[in-house]
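Student: One structure coming up, written as structure tokens, with questions to follow.
FYI, it's all coordinate maths here, none of it is from the lab. Computed from a predicted model, the values in this text were never measured in an experiment. Positions of Cβ are generated from backbone atoms using ideal geometry, with glycine treated the same way; all protein chains shown enter the neighbour counts.
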């Protein structure tokens, strides 16, 4: 297999980024086997904002972890562009995660002793083609909080620092696992606005896991998972702005 080589720029909207067929992930053995993914088929395209819906245990996080190279499937096809993620070695997976994928989780994982600017700079110092930390923080409307420490920021502001950190390396893929799960509604809207802006301005394929069906209205496409499979999917005729969602 050819070693992973990152793309030099974000491709035109609509080009296929992920090709997934029969994706299976099994944990455990024998009677303790758990089929977290049981044959997922889907394609994801550049510039899309995709919401993954489903109850706990439906396979959403496992799918996200496989897409992001944090885990490897048991069986099936999983390709990022022309790169086969199913048989990649750890060196190539590390390079893939570093150069092409931004991760945002429910908890912010900021370093308390570093300012917002310094937390973002941790990524820009090792990224292939980063934007300045200040530019990333301005994208999420935190230009006035560059030199504040996490303890001086609200929960929503900390999550926006985490978004800035993820987008500062200009990733082609942004994977978000319950990014508003720890936030109140008003703060969550501000965070979703930051994600929507990054998706729009950078052309980044953005995949968001949520339990909140209301958030589906802001997506280009909504994929429902159940028991490790794609139950259904639909495309919205028009994306709703986060501030207009009927919470």
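Student: Suppose we keep just the DSSP beta bridges with both residues in the chain; what percent of those would be antiparallel, to 5?
Tutor: DSSP beta bridges in the chain are roughly 55 percent antiparallel.
Student: Okay, moving on. Relative to the longest principal axis of the chain, what angle (0 to 90°, nearest 10) does the C-alpha long axis of helix 90-100 take?
Tutor: It works out to around 50 degrees.
Student: Which one of 73, 55, 171 has the biggest mean-square fluctuation once the chain is modelled by GNM with Cα springs under 10 Å?
Tutor: Of the options given, 55 has the highest mean-square fluctuation.
Student: Which of the peptides 189-195, 21-27, 205-211 is most tightly packed, and how do the rest follow, going by the mean number of other Cβ atoms within 10 Å of each residue?
Tutor: 205-211, 189-195, 21-27
Student: If I fit a long axis through the Cα atoms of helix 155-167 and take the longest principal axis of the Cα atoms of the chain, what angle between them do I get, 0 to 90°, rounded to 10?
Tutor: It works out to around 70 degrees.
Student: If you project the alpha carbons of the chain onto their three principal axes, what span does each projection cover, largest first, in Å?
Tutor: Cα extents, longest axis first: 52, 43, 38 Å.
Student: Identify which of 72, 185, 17 has the largest mean-square fluctuation in a Gaussian network model of the chain, with springs joining Cα atoms closer than 10 Å.
Tutor: Taking springs between Cα atoms under 10 Å, the residue moving most is 185.
Student: From largest to smallest, what semi-axes in whole angstrom does region 145-247 give when each is the square root of 5 times an eigenvalue of its alpha carbon gyration tensor?
Tutor: Equivalent-ellipsoid dimensions as semi-axes: 24, 16, 13 Å.
Student: Would region 184-228 count as rounded, prolate or oblate if I go by the C-alpha gyration tensor, calling it rounded below 1.5 in a/c and otherwise prolate when a/b exceeds b/c, oblate otherwise?
Tutor: Here region 184-228 falls in the oblate category.
Student: Determine, for 35, 234, the number of other Cβ atoms within 10 Å of each Cβ, and report the residues in order from fewest to most.
Tutor: With the sparsest Cβ surroundings first, the list reads 234, 35.
Student: What does the helix-only formula give at 222 nm for the chain: each DSSP H stretch with n ≥ 4 adding -39500 (n - 2.57), the total divided by the residues, and the result rounded to the nearest 500 deg cm²/dmol?
Tutor: So the calculated ellipticity at 222 nm is -8000 deg cm²/dmol.
Student: Treating the angle as unsigned and between 0 and 90°, give the value, to the nearest 10°, between the Cα long axis of helix 185-202 and the longest Cα principal axis of the chain.
Tutor: Taking Cα atoms only, the helix is inclined about 80 degrees.
Student: Using alpha carbons only, how many angstrom separate the centre of region 52-93 from the centre of region 118-146?
Tutor: Region 52-93 and region 118-146 have Cα centres spaced 27 Å from each other.
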